[in-house]
Amino acid sequence: MNRAECHIDGVIIKQLEKYTDSRGWLAELFRMDEIDADEFPQMAYVSLTKPGISRGPHEHREQTDYLCFTGQSRFRIYLWDNRPKSATYKRHCRFETEEGEIFAVIIPPGIVHAYKNIGAVDGFIINAPNRLYAGPGKKNEVDEIRHEDNPDSEFKIED
């Protein structure tokens, strides 16, 4: 399935523009004038995923993830709408990024998501969610429903 066919209500997938010159490149990950106020990041982190490794599937009750795939490697992204009141409930899609492409994927609460590094090199992902991990001072319960350890889960990462 290509990116254009990944229609799940509330999910935004956009290729970010790379501005390249003799020094390297730059890409704007987000701009306040291009996202809704309730999606404004409250924190940010970067993670590295090794080739062949998957993260997820999981979902959030209240958190919107703002994932940026930075283009060093190729990724396969999986999305499932797990919101019973959504017009796209139970819809599933997957798509792949190519090496050199920079993508942002905005994932609202209730969308189960996962990704796998399908490239040959380590890949970096930046997440700028709209909620603090474990709340202020890391004193709250983590807003995460994990599905990857449930063998009966309907949310499967397929190759």
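Rule-based calculations on the coordinates, nothing more; no lab input. Bear in mind that the values here come from a model prediction, so they are computed numbers and not experimental data. Reconstructed Cβ throughout: ideal geometry from the backbone, glycine too, with neighbour counts over all protein chains shown.
For a 4.7 Å threshold on C-beta separation, the list of partnerless cysteines in the chain reads Cys68. Please work out whether the stretch 41-84 counts as rounded, prolate or oblate from its C-alpha gyration tensor, where a ≥ b ≥ c are the square roots of the eigenvalues and a/c under 1.5 means rounded, while otherwise a/b larger than b/c means prolate and anything else oblate? Oblate, since a/c reaches 1.5 and b/c is not below a/b. When each of the peptides 47-57, 109-119 is scored by the mean number of other C-beta atoms lying within 10 Å of its residues, the order from highest to lowest reads 109-119, 47-57. Using only the C-alpha atoms, the convex hull of the chain corresponds to 134 Å³ per residue. Ranked for footprinting exposure by Cβ neighbours inside 10 Å, fewest first, Tyr66, Tyr45, Tyr89 give Tyr45, Tyr89, Tyr66. State whether the stretch 65-159 is rounded, prolate or oblate according to the following rule on the C-alpha gyration tensor (a ≥ b ≥ c being the square roots of its eigenvalues): a/c under 1.5 gives rounded; otherwise a/b larger than b/c gives prolate, and the remaining case gives oblate. It is oblate, given that a/c is not under 1.5 and a/b is not larger than b/c.
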